[in-house]
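The values are calculated or read from the model by the stated rules, or taken from the named source; none is laboratory data. Since we're looking at a predicted model, the values are computed, not measured. As a convention, Cβ positions derive from the backbone with ideal geometry for all residues, glycine included, and neighbour counts pool all protein chains shown. To get the accessible areas, we keep the full protein, side chains included, count just its heavy atoms, and leave off ligands, DNA and RNA. Shrake-Rupley method; radii C 1.70, N 1.55, O 1.52, S 1.80 Å.
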Amino acid sequence: MTATIVVTRKLPDAVEARLRENFSVMLNPEDAPFTPARLAGALREADGVLCAVNDIVTPEVLGAEGRRAAILANFGVGVNNIDLAAAKAAGVIVTNTPGVLTDATADLALALILASTRRMSETEALLRRGEWDGFRPTAWLGTGLQGKTLGIVGMGRIGQATARRACLGFGMKVIYFNRSPVGPFDFPAEARDGIEPVMAEADVVSLHIPGGVENRGRISAALIAAMKPTAYLVNTARGDVIDEPALVAALAAGRIAGAGLDVFAEEPKVPPALLDIPGVTLLPHIGSATLETRTAMGMLAADNLIAHFSGQPLPSRVV
Ligand code: 8YV
């Protein structure tokens, strides 16, 4: 019998077509976010659910009476939207989409590094407001990257891809902290024995640690205070890995030079104070947002579902 799958968000056409070929599939063409009740309903109606970062899968959602779904195929490498312990306890399989979004996310980290150090957001906004009064040799000076130090916190796939680009493409020196030993790499990089030395030494810090309970607030007020006043902080990981109020306070007081943020602690809410701080680039969680990458992510989620329902090993199982 064909398995029934609920897909919580609109996905690229090729992915939806593949899901239709393999499953009895309930799509979401309006792309309306699921409420917790609708999500719990999906777990009751379907054998599997393909969900995304803003579907918050709580113990209550997993424990809803009459649950039928045995697999959650998450669209994304980060699974901090799912209570993994509760999924494990409930016997629900969780899969993610590692690897296929590494390049797109590293590209965006570099874009944020350039945007913040070259003041792109504030200068473009000024131009759009019609306030550009012509070239001036000393206006809108930013910071060059060549010879500067990039500090990577979390040297996994995306951290390494970001470091490689910055080192080989922009001539940056790379230092990093990773929980477990990693390397060697095909570019020079020096390990540090904690996050603090990376934050203190780097001219640009780029975060690549997973979100979720274990890393919530990991980039604390004290670590932000350890940064150089000339340094920039870039985050393409998850908003809640930073003590967001502490970051906003540091930026507002000019205690660090700037930030490039693609993720926020309570998306889609962005701390209002950030909107008024020049030198900060703010993006709406678009790290993996290319058609190629979003298609590859959807295909990998589909691969996991197809493997599960045909009794094959799952390509990327988390729980
Ligand atoms: C996804 C992401 O687009 O994969 C991740 O962890 O942050 C993004 O690239 C997002 O998770 C959508 O579900």
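Observations on the structure shown:
- Of the candidates Pro278, Pro229, the single residue that is in the same structural domain as Cys167 (by TED's automatic domain parsing), open to solvent by 30 Å² or more (accessible area, probe 1.4 Å), at pLDDT below 95 and assigned to a loop (DSSP other than H, G, I, E, B) is Pro278.
- Qualifying position, being in the same structural domain as Leu150 (by TED's automatic domain parsing) and within 16 Å of the ligand (Cβ to nearest atom), among Asp243, Asp203, Asp262: Asp262
- So Gly183, is it out of contact with any strand residue (DSSP E or B) (no Cβ under 7 Å at 6 or more places or on another chain), modelled with pLDDT of 95 or more and either open to solvent by 40 Å² or more (accessible area, probe 1.4 Å) or part of a strand (DSSP E or B) (or both): yes
- Of all residues in segment 284-297 being within 12 Å of the ligand (Cβ to nearest atom) and among the aliphatic types (A, V, I, L, M), the one that is least open to solvent (accessible area, probe 1.4 Å): Met297
- Looking only at segment 137-174, and only at residues there that are of a type in the set (Val, Ile, Thr) and in contact with a Ser or Thr (Cβ under 6 Å, 6 or more places away or on another chain), the one that is farthest from Asp103 (Cα to Cα): Thr143
- For segment 97-119, a residue qualifies if it is within 16 Å of the ligand (Cβ to nearest atom), open to solvent by 20 Å² or more (accessible area, probe 1.4 Å) and not β-branched (Val, Ile, Thr), and the qualifying residues are Pro98, Gly99, Asp103, Asp107, Leu108, Ala111.
- Qualifying residue in segment 156-166 (condition: of a type in the set (A, V, I, L, M), open to solvent by less than 60 Å² (accessible area, probe 1.4 Å) and part of a loop (DSSP other than H, G, I, E, B)): no
- Filtered by the rule that a residue be touching a residue at least 60 places away in the same chain (Cβ under 8 Å), out of contact with any strand residue (DSSP E or B) (no Cβ under 6 Å at 6 or more places or on another chain) and in a helix (DSSP H, G or I), segment 118-139 gives Met120, Glu122.
- Residues of segment 49-60 that are more than 16 Å from the ligand (Cβ to nearest atom) and either surrounded by 21 or more Cβ atoms within 10 Å (Cβ to Cβ) or under 21 Å from His285 (Cβ atoms) (or both): Thr58 alone.
- Taking (1) touching a residue at least 40 places away in the same chain (Cβ under 8 Å); (2) more than 14 Å from the ligand (Cβ to nearest atom) in turn, Lys269 satisfies each apart from (1).
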